[in-house]
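Below is one structure; the comments refer to it alone.
The values are calculated or read from the model by the stated rules, or taken from the named source; none is laboratory data. From a predicted model like this one, the values you see are computed outputs, not experimental measurements. Cβ placement follows ideal geometry from the backbone for every residue including glycine, while neighbour counts extend to all protein chains displayed. Just the protein is used for accessible areas: all its heavy atoms, side chains included, with ligands, DNA and RNA removed. Shrake-Rupley method; radii C 1.70, N 1.55, O 1.52, S 1.80 Å.
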Amino acid sequence: MAMTAEDVLSIIAAESGVDRAALKPEATLVDLDISSIDVASVVFELEDRFGVAIEPENIAPDFTIADFVDHIVSLAKK
Amino acid sequence: MKRKVVITGMGCVSGLGIGVGETWRRAIEGEGAIRPIDRSGVQGQAAWIAPEDVSAAAADLELRRLGRLDPLSLYALVAAAEAVEAAGLGDHPSLTERTAILLGCGSPGNATLDAAFERLYAKGLGKLHPQTIPSSMISAPASHLAMLFGVHGPTMVISSACASSANALGEALHMIRGGRVEVAIAGGTEACVSYGSWVAWHALGVVAPDTCRPFSRDRQGLALGEGAAILVLESEEHAVARGAAILGELAGYGASSDAADMTAPDQDGIEAAIRAAHRDAGIAPDQPRLISTHGTGTKLNDAVEAAAVRAVHGAGLEGSTVIATKSAHGHLIGGSGAVEFVIGMKALAEGLAPSVLNYLGPDPECGDLPLALAPQAIEHDTLVSNSFAFGGLNAVLIGRKQT
C-alpha cells in the first residue's frame, strides 16, 4: 500500500497524542515531548498498516518531524 | 483514640451514567442500567457504558502523557477527576507527598488483552502493540491517577475479585488512621464487558439470561456491569484544616477469608467480616442500619448472605433497611464495592433508600429481609456495605452520615 507523508503524520498524532496541527516539519521529537515509547507505537502502527520494516533505534530524539517522515517514506519506497 | 477518616469527594462512572449526580438520580428513580448489549462479540444483557460518553467526560483531562488507556484506566480517571475536584484538592500540596492511591480491580485491561490475543491467535500476527503491557496491567489505573494528580505517595492496586474496591477503601482508611498518609484517593475500577471476560463469566454459569434480581424468587444470576467509583478520604484534621466540605465518615472496615471454596460463599467467613467491620467502627451490630448487600442475584450468594445478615444483625434487622443496587448498576466485579459505598453514602445523606429492582417476590431460601422494594425515606445514620468475592474474600465497610 502506498504511504504518504500525511499517513505518517496522522499516525504520529494518533499514537503520541500530540495534535496534528502541532507537528511542524522543523519541530524535533524532543521539542514535542514525543518519547521512545511513542516512537515505538508509531513504528508498530506503520509496520502493521503498510508492511514496511522500520528499526526504531534509527529514529533519534533529535529528529525533526520532517526527518522522521522522510525516513519512513524513503523506507516505504525501498 | 482512633483518627477519624472523612470523605471529602466522590466520583462515579457506571452504566447508570457519568458522575455521582446522575448515578444517584437514576438509582433513586429506579432507572436500572441493565439492558441489551451488542459490542464486538458481546451479546446479551449488561449494565454497559457507551464509550463516547466516557471519552466526552475525559476530554478536558490532561491525558497525553499517560499513553494508551484501556477503559479500565479511563473509567478510573474520569471518576477520580470528579472526586478530586469535588474535594477541592486539585493543587493542594498534600497531594504530592501525603497522599496514597489505593484502587481495587478484579481483572486487568480486558479489551487490550483481547485485542492482543486476537492478533496472535485469530490473525496469526506475531507482533503486538508496544504498549500492550503498560496499558493492560492491573496496576495501570493506579499509575495513571498518580501521573494525572502528581501523587508521589504509596500507590497500588489491590485485587480480591468482587471485594477489591471495598478492600482498597478499607485499607486506605487504615493507612490514614495509622498516620502513613493524610489523604487517600481510593476506590475501584473494572472493565470486564469485553469478549474474553464475557465468555468466561458465562462459562461459570453465574450470569443471568434476563437480569439481576437480588433476593428474589426465580433469580437466575448476576448481570455484568462496568465502571469505576473513587473517593477522596482524609484525616478529619486535614480536611478541617483546609476547610473542606465533609460528606461523611468511613468509620469501619472488616475483612476475612473463607479459606473454603473458590466459588461458593461461606456463611462463617461473611459473618466474620461483617462483625469485624462493626468492631472496627466501635458499633454494635444489633441496631437498625442501612445495609447495602452484596446481593448479586445468584442462587447461592443471596441465600447465604441473607442468612449471615440475619445471624449478625439479629434484632437490629427490625427497623433496618436492606438495599441491593447491583439490580441497577450490575456487577462491576472489582469496582462494585466502591460504587455501592458511594450510593449508600448518598442514601444516608439524602435520607432515601433506592429500591431493589427486578424483584418478583420472596424466595423461601432467602427468608425475611427488610428489603426496600420501593424508594423509601430512611433516618439511618450508619451504612453497612457488604462485598464478598469468589475465592472467599470478604470486605465490609461502615459509613457514617455527616451530621
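Going by the structure shown, is B:Asp60 at negative phi and part of a loop (DSSP other than H, G, I, E, B)? Write out each step before concluding.
Details: at negative phi: yes; part of a loop (DSSP other than H, G, I, E, B): yes.
Criteria met by B:Asp60.
For A:Ile72, are the conditions met, namely being closer than 25 Å to B:Pro134 by Cβ, at pLDDT below 95 and more than 14 Å from every other protein chain (Cβ to nearest Cβ)? Please lay out each step first, then the result.
Values: closer than 25 Å to B:Pro134 by Cβ: yes; at pLDDT below 95: yes; more than 14 Å from every other protein chain (Cβ to nearest Cβ): yes.
Answer is yes for this residue.
For the stretch B:103-123: of the residues being more than 13 Å from every other protein chain (Cβ to nearest Cβ) and part of a loop (DSSP other than H, G, I, E, B), which is nearest to B:Ala80 (Cα to Cα)?
B:Cys105
Checking B:Lys326 against (1) of a type in the set (D, E, K, R); (2) in contact with a Leu (Cβ under 9 Å, 6 or more places away or on another chain); (3) open to solvent by 10 Å² or more (accessible area, probe 1.4 Å), which single condition isn't satisfied?
Unmet for B:Lys326, out of (1) of a type in the set (D, E, K, R); (2) in contact with a Leu (Cβ under 9 Å, 6 or more places away or on another chain); (3) open to solvent by 10 Å² or more (accessible area, probe 1.4 Å): (3).
Which residues, taken from the stretch B:26-47, are open to solvent by less than 60 Å² (accessible area, probe 1.4 Å) and closer than 27 Å to B:Ala347 by Cα? It would help to see each step written out before you state the result.
So in the stretch B:26-47, the residues open to solvent by less than 60 Å² (accessible area, probe 1.4 Å) come out as B:26-28, B:30, B:32-34, B:37, B:39, B:41-42, B:44-47.
Residues satisfying the conditions are B:Arg26, B:Ala27, B:Ile28, B:Gly30, B:Gly32, B:Ala33, B:Ile34, B:Gln45, B:Ala46, B:Ala47.
Does the stretch B:202-224 contain any residue that is buried (at least 20 other Cβ atoms within 10 Å of the Cβ) and assigned to a helix (DSSP H, G or I)?
No, the stretch B:202-224 has no match at all.
Return the residues of the stretch A:1-36 that are surrounded by 15 or more Cβ atoms within 10 Å (Cβ to Cβ) and more than 16 Å from A:Thr64 (Cα to Cα); say none if nothing qualifies.
Matches in the stretch A:1-36: A:Met3, A:Asp7, A:Glu15, A:Gly17.
I want to confirm something. Restricting to the stretch B:137-170 and keeping residues that are within 14 Å of chain A (Cβ to nearest Cβ) and small (Gly, Ala, Ser), which single residue is least open to solvent (accessible area, probe 1.4 Å)?
B:Ala140
Tell me, yes or no, whether the stretch A:39-54 has at least one residue that is open to solvent by less than 70 Å² (accessible area, probe 1.4 Å), touching a Lys or Arg at 6+ places or on another chain (Cβ under 7 Å), closer than 16 Å to A:Asp7 by Cβ and touching a residue at least 40 places away in the same chain (Cβ under 8 Å).
Scanning the stretch A:39-54 turns up no residue that is open to solvent by less than 70 Å² (accessible area, probe 1.4 Å), touching a Lys or Arg at 6+ places or on another chain (Cβ under 7 Å), closer than 16 Å to A:Asp7 by Cβ and touching a residue at least 40 places away in the same chain (Cβ under 8 Å).
Considering only residues that are part of a loop (DSSP other than H, G, I, E, B) and within 18 Å of B:Leu63 (Cα to Cα), which ones fall in the stretch A:2-22? Before the answer, list the steps.
Of the stretch A:2-22, the ones part of a loop (DSSP other than H, G, I, E, B) are A:2-4, A:17-19.
Once the filter is applied, which keeps residues that are part of a loop (DSSP other than H, G, I, E, B) and within 18 Å of B:Leu63 (Cα to Cα), the stretch A:2-22 yields A:Gly17, A:Val18, A:Asp19.
Which one of the conditions (1) away from chain A (no Cβ under 14 Å); (2) open to solvent by 50 Å² or more (accessible area, probe 1.4 Å) does B:Pro134 fail to meet, given that it meets all the rest?
For B:Pro134, the exception is condition (1).
Given the conditions (1) assigned to a strand (DSSP E or B); (2) within 21 Å of B:Ile18 (Cα to Cα), report the number of the one that B:Val193 does not fulfil.
Status for B:Val193: all satisfied but (1).
Step by step: first the residues of the stretch B:345-384, then only those that are within 15 Å of B:Gly319 (Cα to Cα) and in contact with a Phe, Trp or Tyr (Cβ under 7 Å, 6 or more places away or on another chain), then the one that is most open to solvent (accessible area, probe 1.4 Å). Which residue is that?
Here is the first cut: in the stretch B:345-384, the ones within 15 Å of B:Gly319 (Cα to Cα) are B:348, B:351-353, B:368-373, B:376-384.
In the following step, the residues that additionally are in contact with a Phe, Trp or Tyr (Cβ under 7 Å, 6 or more places away or on another chain) were identified as B:369, B:371, B:373.
Numbers: B:Leu369: 31, B:Leu371: 29, B:Leu373: 90 Å².
Going through the qualifying residues, I end up with B:Leu373.
For the subset of the stretch B:282-297 comprising residues that are of a type outside the set (D, E, K, R) and open to solvent by 20 Å² or more (accessible area, probe 1.4 Å), which member is farthest from B:Val356 (Cα to Cα)? Walk me through it before giving the result.
We begin by selecting, within the stretch B:282-297, every residue of a type outside the set (D, E, K, R); these are B:282-285, B:287-288, B:290-297.
Applying the additional criterion that residues be open to solvent by 20 Å² or more (accessible area, probe 1.4 Å) yields B:282-285, B:287-288.
Working: B:Gly282: 29, B:Ile283: 26, B:Ala284: 26, B:Pro285: 22, B:Gln287: 22, B:Pro288: 18 Å.
By that ranking, first place goes to B:Gly282.
Which residue is surrounded by the most Cβ atoms within 10 Å (Cβ to Cβ), if the candidates are limited to the stretch B:87-102 and must be assigned to a helix (DSSP H, G or I) and touching a helix residue (DSSP H, G or I) at 6+ places or on another chain (Cβ under 8 Å)?
Filtering the stretch B:87-102 down to residues assigned to a helix (DSSP H, G or I) leaves B:94-97.
Next, from what is left, pick out any that are touching a helix residue (DSSP H, G or I) at 6+ places or on another chain (Cβ under 8 Å): B:94-95.
Values: B:Ser94: 17, B:Leu95: 19.
The extreme case among them is B:Leu95.
Just one of the numbered conditions (1) over 19 Å from B:Gly67 (Cα atoms); (2) more than 14 Å from chain B (Cβ to nearest Cβ); (3) open to solvent by 20 Å² or more (accessible area, probe 1.4 Å); (4) without any contact (Cβ under 8 Å) to a residue 60 or more places away in the chain is not true of A:Ile65; which one?
(3)
Can you tell me which of (1) assigned to a loop (DSSP other than H, G, I, E, B); (2) farther than 20 Å from B:Asn167 by Cα is the one B:Glu237 doesn't meet?
With (1) assigned to a loop (DSSP other than H, G, I, E, B); (2) farther than 20 Å from B:Asn167 by Cα applied to B:Glu237, the lone miss is (1).
Condition first: polar (S, T, N, Q) and either within 12 Å of chain B (Cβ to nearest Cβ) or under 21 Å from B:Pro134 (Cβ atoms) (or both). Now tell me which residues in the stretch A:32-59 satisfy that.
Kept after step one, since they are polar (S, T, N, Q), are these residues of the stretch A:32-59: A:35-36, A:41, A:58.
Within the stretch A:32-59, A:Ser35, A:Ser36, A:Ser41 meet the criteria.
How many residues are charged (D, E, K, R), within 24 Å of B:Gly392 (Cβ to Cβ) and open to solvent by less than 30 Å² (accessible area, probe 1.4 Å) when one looks only at the stretch B:227-281?
Initially, the stretch B:227-281 is screened for residues charged (D, E, K, R), giving B:234, B:236-237, B:242, B:249, B:258, B:261, B:266, B:268, B:271, B:275, B:279-280.
Right, trim to within 24 Å of B:Gly392 (Cβ to Cβ) and you get B:258, B:261, B:266, B:268, B:271, B:275, B:279-280.
Checking the rest, the ones that are also open to solvent by less than 30 Å² (accessible area, probe 1.4 Å) come to B:258, B:271, B:280.
Number of matching residues: 3.
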